[in-house]
Amino acid sequence: MSKKVNAWSFSRLKNFEQCPKKFYHTSIRKDVIESQNDTMLYGNRVHKVLELRVKNGKRLPMDMTHLESIAAKFADPKVKPDEILTEQQLAIDENYQPCDWFSKDTWTRAIIDYLAIRGDSAVLVDYKTGKMYDDFTQLKMAAALLFLFRPEINTIKVVYWWTKEKSITSDYFCREDMPELWSELLPRVERYNKAFDADEFPAKQNYLCKRYCPVKQCKWHGE
């Protein structure tokens with residue numbers, strides 16, 4: 001019998017590292033439901049509104065017109081990339097081969113909010129509705145998957161669009177950068193897999209425990 005693949009994404013990996021116990025109850029056993037707060041609901045709405053603006057040219061609602069200046073640049077027909085794609089789902093198996101999103105062999109997944117391809121280069125954008133930070137690992141991972149799906153692409157500009165600050169931050173990666181990315185991620189993935197193999201997901205106290213964690217049976221809940 002083949003070994004079960006413990007599929008992961010960047011967000012699942014981060015949630016596991018933040019608190020294995022919370023991850024276990026909300027994402028594996030699923031005996032605790034994490035309700036969406038106003039921040040999560042707003043983030044989901046922004047993603048959908050921007051998808052429709054860029055993909056279909058749908059006008060932004062009144063409370064989001066402040067996003068138009070940047071959205072218009074992504075949707076501008078004068079840019080004329082070979083392709084503009086939104087909400088692209090990419091998945092690979094353990095052999096780093098592209099596979100179906102829901103395949104039983106899926107090893108890791110990533111969703112690209114906005115993607116523009118021209119020749120052997122691409123621009124990859126992730127919409128962010130929270131606080132700014134300076135870690136491009138999530139976008140590097142998405143770029144790594146895109147390189148596997150599109151062998152003609154050699155360079156990718158990755159962009160975070162910070163909707164609250166009305167600004168963007170960016171970086172560039174080429175195909176040769178990807179071994180370094182995987183060498184950074186794989187030790188983290190190994191710890192993730194070891195937790196599954198040992199069925200051990202210990203609680204880890206963090207800033208969410210006091211007010212935001214739904215796992216009431218944890219000793220750190222409310223602390």
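The values are calculated or read from the model by the stated rules, or taken from the named source; none is laboratory data. What you see is a predicted model; the values in this text were computed from it and never measured. Counting neighbours? That spans all protein chains shown, and the Cβs are built from the backbone with ideal geometry, glycine included. Only protein heavy atoms, including side chains, enter the accessible area calculation; ligands, DNA and RNA are left aside. Shrake-Rupley method; radii C 1.70, N 1.55, O 1.52, S 1.80 Å.
With the structure loaded, tell me whether Asp171 is surrounded by fewer than 17 Cβ atoms within 10 Å (Cβ to Cβ) and modelled with pLDDT of 95 or more or whether it fails that test.
Against the criterion (surrounded by fewer than 17 Cβ atoms within 10 Å (Cβ to Cβ) and modelled with pLDDT of 95 or more), Asp171 qualifies.
When Thr137, Thr129, Thr163 are screened for being over 23 Å from Met64 (Cβ atoms), modelled with pLDDT under 95, under 19 Å from the mean Cα position of the chain (by Cα) and among the polar types (S, T, N, Q), only Thr137 passes. The set of residues in segment 179-207 that are surrounded by fewer than 16 Cβ atoms within 10 Å (Cβ to Cβ) and part of a loop (DSSP other than H, G, I, E, B) comprises Asp199, Glu200, Pro202, Gln205, Asn206, Tyr207. Within segment 93-102, the set of residues being surrounded by fewer than 17 Cβ atoms within 10 Å (Cβ to Cβ), part of a loop (DSSP other than H, G, I, E, B) and in contact (Cβ under 8 Å) with a residue 24 or more places away in the chain comprises Glu94, Tyr96, Gln97. With the condition kept exactly as written, say whether any residue in segment 4-14 is farther than 25 Å from Leu124 by Cβ, at pLDDT below 90 and outside any helix (DSSP H, G or I). Yes, that holds for at least one residue. Taking the listed residues Thr169, Thr155, the one that is over 19 Å from Arg118 (Cβ atoms) and either in contact (Cβ under 8 Å) with a residue 24 or more places away in the chain or not aliphatic (A, V, I, L, M) (or both) is Thr169, with no other qualifying. Per the listing Phe74, Phe23, the residue uniquely assigned to a helix (DSSP H, G or I), in contact with a strand residue (DSSP E or B) (Cβ under 7 Å, 6 or more places away or on another chain), crowded, with 18+ Cβ neighbours inside 10 Å and aromatic (Phe, Trp, Tyr) is Phe74.
Annotation: of all residues in segment 54-71 being touching a Leu at 6+ places or on another chain (Cβ under 8 Å) and modelled with pLDDT of 90 or more, the one that is surrounded by the most Cβ atoms within 10 Å (Cβ to Cβ) is Leu67.
Regarding Asn154, is this residue over 30 Å from Val32 (Cα atoms) and over 21 Å from the mean Cα position of the chain (by Cα)? Taking the combined requirement at face value, the residue satisfies it.
Candidates are the residues of segment 110-154 that are more than 21 Å from Ile92 (Cβ to Cβ) and among the hydroxyl-bearing types (Ser, Thr, Tyr); the one that is most open to solvent (accessible area, probe 1.4 Å) is Tyr133.
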